[in-house]
Amino acid sequence: MDCIECGEDSKYKCPVCRQPYCSVACCKVHKEKQCTPPSPPKNDAIEESQIEYEFPTDHTVPIEKLKSLENSKELQECISNPHVREILQLLDKSPHPDKLMQEYMQEPIFTEFVDACLKVVQDEPDDE
C-alpha cells in the first residue's frame, strides 16, 4: 500500500484510521490532520468472506473453523463457568498472555476449556 502522505511504500498503519504511512515524519503530518476510525459495518454480522488475516501462517486456523466454536456445546459449558470467564478476561487484558497461559494451563478447569477449543479447530487425523 502507498503512504497517504507521500505516496511511498508504507510499512505502518495509523492506529486510529488504519490508513498506511511510511515514516515517522509522515505519521506526524498525518496526526496533525483529524482522522477518524473506520466506520463499523452496517450489519452486525460480518460475513466470513470479509474477514481476512493480516499475517496468516501455516498454523493459522481458518475462519470457518473459528466460527464453528460458537456451536460447540462442550465449549459453551466451559464458558458458563465464571472462573473460566475470569481467566479469559485476564488473558485478554494481560501485556504478557503467554506467561499467564503457562500458569493457567496448570488449572484443570482451564485445560478443559483449551481441550474443548482444540477439538473443534484441529484437523482430524487421517484414517489410514
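Taking the Cβ of E112 as the centre, find all other residues whose Cβ is under 10 Å away and add up their charges (Lys, Arg: +1; Asp, Glu: -1). Residues close to E112 contribute a combined charge of -4. Given their separation in residues at 0.36 nm each and the Cα-Cα distance between them, Q122 and C17 gain 34.3 nm when the chain is fully extended. Helix-only arithmetic for the chain: the sum of -39500 (n - 2.57) across DSSP H runs with n ≥ 4, divided by the residue total, places the mean residue ellipticity at 222 nm at -12000 deg cm²/dmol. In this rough spin-label picture, where each label sits 7 Å from Cα along the Cβ direction, the H96-Q34 distance is 4.1 nm. Considering the values (i) 23, 17, 14; (ii) 25, 22, 16; (iii) 37, 19, 16, which represents semi-axes √(5λ) of the Cα gyration tensor in Å as calculated for the structure under consideration? After the calculation, the listed value that fits is (iii).
Checking the cross-link pairs K65/K119; K11/K99; K11/K31; K13/K33; K73/K119 against a 19 Å limit on the alpha carbon distance flags K11/K99 as lying beyond it. Principal-axis analysis of the Cα atoms of the chain puts helix 108-121 at an angle of about 70° to the longest axis. Extension gain, E8-H83: 0.36 nm per intervening residue step, less the Cα-Cα distance, totals 22.1 nm. Relative contact order, whole percent, for the chain stands at 16, derived from Cα pairs under 8 Å and 6 or more residues apart. Angle of helix 82-93 to the longest C-alpha principal axis of the chain, folded into 0 to 90 degrees and rounded to 10: 30°.
Coupling constants for region 18-34 follow from the phi torsions by the Karplus curve (6.51 cos²θ - 1.76 cosθ + 1.60, θ = phi - 60°), and in residue order they are 6, 7, x, 9, 10, 8, 4, 4, 5, 4, 4, 4, 5, 5, 5, 7, 8 Hz; glycine and proline get x. Length gained on full extension, E112 to E70: 13.5 nm, using 0.36 nm per residue less the C-alpha separation. Along the chain, the longest continuous region that contains none of the trypsin sites (Lys or Arg not before Pro) in a DSSP loop with at most 11 other C-beta atoms within 10 Å is 43-128.
Bear in mind that the values in this text are calculations on the coordinates, not laboratory data. Small disclaimer: the values here were computed from a predicted structure and weren't measured. Methodologically, a virtual Cβ is constructed for each residue, glycine included, from the backbone with ideal geometry; neighbour enumeration extends over all protein chains shown.
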